[in-house]
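Coordinate-derived values only; no laboratory data. Treat the numbers as computed from the prediction; the structure is a model and nothing was measured. Neighbour counts run over all protein chains shown; Cβ positions are idealised from the backbone, glycine included.
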Amino acid sequence: MASGASAKSASDLAQLNDISGLGIFMNESGTGVPTVWVQFVHRFQARYEVVVFLHIKEVLRPTSLVAQVDPTERFSISCASGARPHIYHCVIYLGYNDVPSAILSKAEISRELRALIPSPPVPADIAVVAALDHGTATWLVGKKNLQPDPRSGFVARALLALFVAVRDATGSRARTWGVPVDDLVEIGLVELV
């Protein structure tokens with residue numbers, strides 16, 4: 001698990017308040033539980049009806065980048081193990097010529113998730129179908145607040161300050177993917193470098 005964050009136990013997850021809709025948590029590492037989800041659960045003691053841990057992977061071939069990913073190979077979705085249902089791991093594969101805003105939409109992700117739900121839905125899945133069809137989608141990303149290690153020298157602190165200024169000026173990756181600003185939540189994470 002990233003940054004030494006600990007996952008909630010099954011009994012802790014059962015005590016969380018439900019938030020209607022779809023919560024899409026960006027998973028930078030692509031494995032395990034994203035730190036942003038752990039921080040969200042810890043701070044708000046709540047979880048969305050449907051939770052997606054989303055990792056975006058640029059497809060590389062040995063000789064070049066892939067222009068466009070075949071739509072049938074674009075999504076890889078699996079159910080996350082655990083006591084609470086409706087938590088999914090999703091990997092989206094993008095080529096350099098793919099348009100992220102069209103692929104990373106609530107409609108596309110919901111369509112892929114619905115494929116995992118049996119038809120007609122069993123009673124436990126009715127709330128999920130409603131959340132996918134009519135609920136809102138909230139994108140939650142971690143925004144790292146990089147701070148210099150107290151043991152670092154002047155040059156390292158100056159380079160870090162320059163890097164942070166450039167990074168903040170270019171904006172977040174989620175905005176470049178076309179995620180609507182109204183649906184985007186950034187959760188701060190402090191990291192010493």
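Per-peptide packing, taken as the mean over residues of other Cβ atoms within 10 Å, places 134-140, 71-77 in the sequence 134-140, 71-77 from highest down. Protection proxy ranking of 85-96, 106-117, by the mean of other Cβ atoms within 10 Å over each peptide's residues and highest first, is 85-96, 106-117.
Take peptides 151-161, 45-55 and line them up by average Cβ neighbours within 10 Å, highest first, as a rough protection proxy. Can you show the working numbers first?
Working: 151-161: 11.5, 45-55: 20.1.
Ranked from most to least packed, the peptides come out as 45-55, 151-161.
Could you tell me whether region 40-165 comes out rounded, prolate or oblate from its Cα gyration tensor? Rule is a ≥ b ≥ c as square roots of the eigenvalues, rounded for a/c under 1.5, then prolate if a/b exceeds b/c, otherwise oblate. Judged from the Cα gyration tensor, region 40-165 comes out oblate (a/c at least 1.5, b/c at or above a/b).
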